[in-house]
Amino acid sequence: MKIAIMGAMPEEIAPILEQLGEYTTTQYAGNNYYEASYKGVELVIAYSKIGKVFSTLTSATMIEHFGAQKLLFSGVAGAISPTLKVGDLLVATKLSQHDLDITAFGHPFGYVPEGAVYVEADRELITLSQKVALSMNKTLQEGIIATGDQFVANEERKNWIGTTFGADALEMEGASVAVVCDALNVPFFILRAISDAADMDASFSFDAFLETSAKESAAFVMKMVDAIIEQNV
Ligand code: ADE
């Protein structure tokens with residue numbers, strides 16, 4: 001079995017590479033891919049760079065070129081739901097692109113013909129993640145994630161995304177990774193730890209909490225890998 005572990009920024013995968021210690025590095029399609037054997041499974045790890053285009057390229061490469069059969073995403077997000085505070089963990093139940101807009105043709109936000117407003121994440125991996133959370137004595141919220149090529153630092157935009165998509169958090173890669181995995185029939189899991197509240201203080205909060213929140217998320221994702229191996233999911 002080969003599992004992809006993906007982030008968007010170096011800080012999001014650094015704790016995973018640190019835990020593994022030994023890995024090989026392959027350069028491909030303008031990016032570095034790190035490979036390691038771990039408890040009898042193969043891992044391919046990479047950060048994509050920020051945004052929907054780079055994350056599409058990296059997730060597709062991990063599947064099509066490196067042969068990943070499951071994909072786990074680890075990173076940080078801005079909170080929309082007031083129940084989410086800095087450091088809290090959120091797993092996506094479904095994801096949408098908040099900046100996809102052909103409403104001029106009568107379509108809903110986030111929709112293009114032959115696509116769908118939401119892509120659903122893998123239920124089996126979400127169920128497993130709740131068992132992992134229990135074993136770690138952590139609370140793992142489930143919710144909708146909205147993705148777009150914007151760092152949102154604006155209460156009005158954040159509230160619009162929350163209302164329009166029913167979203168609990170926002171970030172810049174999840175929905176594009178979801179589209180790729182869904183199209184290629186690869187079960188995926190998008191985990192985010194909150195770094196900010198997507199408001200006027202967001203950039204300061206993001207800088208202050210990127211590293212600690214990314215570590216929270218990465219530690220959880222490695223426990224997910226253990227659980228996938230142990231429970232043969
Ligand atoms: N990732 C973390 N915080 C974010 C924000 N406020 N906007 C977009 N992506 C984010």
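Miscellaneous remarks
- Among the residues of the stretch 175-188, at least one is more than 14 Å from S81 (Cβ to Cβ), away from the ligand (no atom under 16 Å from the Cβ) and either of a type in the set (D, E) or assigned to a strand (DSSP E or B) (or both).
- When we screen L140, L125 for residues that are within 19 Å of V177 (Cα to Cα), among the aliphatic types (A, V, I, L, M) and open to solvent by less than 40 Å² (accessible area, probe 1.4 Å), the only hit is L125.
- Taking the listed residues G148, G78, G110, G162, the one that is free of Cβ contacts under 8 Å to residues at least 60 places away in the same chain and surrounded by 19 or more Cβ atoms within 10 Å (Cβ to Cβ) is G110, with no other qualifying.
- Residue selected from the stretch 193-211 under the condition surrounded by fewer than 22 Cβ atoms within 10 Å (Cβ to Cβ) and not in a helix (DSSP H, G or I), by the criterion nearest to the ligand (Cβ to nearest atom): D199
- Residue satisfying all of: in the stretch 2-53; under 13 Å from the mean Cα position of the chain (by Cα) and surrounded by fewer than 19 Cβ atoms within 10 Å (Cβ to Cβ); nearest to G174 (Cα to Cα) among these: G51
- Remark: pairs (first residue in the stretch 28-40, more than 16 Å from A8 (Cβ to Cβ); second residue of a type outside the set (S, T, N, Q) and part of a strand (DSSP E or B); Cβ separation under 6 Å; 6+ apart in sequence or on different chains) = E35/V44; A36/L43.
- The residue of the stretch 133-166 that is nearest to the chain's Cα centre (by Cα), among those that are within 16 Å of the ligand (Cβ to nearest atom) and of a type in the set (S, T, N, Q), is T147.
- Extreme residue, nearest to the chain's Cα centre (by Cα), among residues of the stretch 212-224 that are among the polar types (S, T, N, Q) and surrounded by 17 or more Cβ atoms within 10 Å (Cβ to Cβ): S217
- Applying a threshold of 8 Å to beta carbon distances and a minimum spacing of six or more residues, or different chains, the list of pairs starting in the stretch 123-135 at a residue that is of a type in the set (K, R) and ending at one that is in a helix (DSSP H, G or I) reads K131/A227.
- Figure legend. Inter-residue proximity from the stretch 1-23: first residues over 20 Å from I229 (Cβ atoms), second residues open to solvent by 60 Å² or more (accessible area, probe 1.4 Å) and not in a strand (DSSP E or B), beta-carbon distance below 7 Å, spacing 6+ or different chains. Indicated pairs: A8/K49; A8/I50; M9/I50; E11/E211.
The values are calculated or read from the model by the stated rules, or taken from the named source; none is laboratory data. Computed from a predicted model, the values in this text were never measured in an experiment. So basically every Cβ, Gly included, is an ideal-geometry build from the backbone, and we count neighbours across all protein chains shown. Remember, those area values only see protein heavy atoms, side chains included, never the ligands or the DNA or RNA. Shrake-Rupley method; radii C 1.70, N 1.55, O 1.52, S 1.80 Å.
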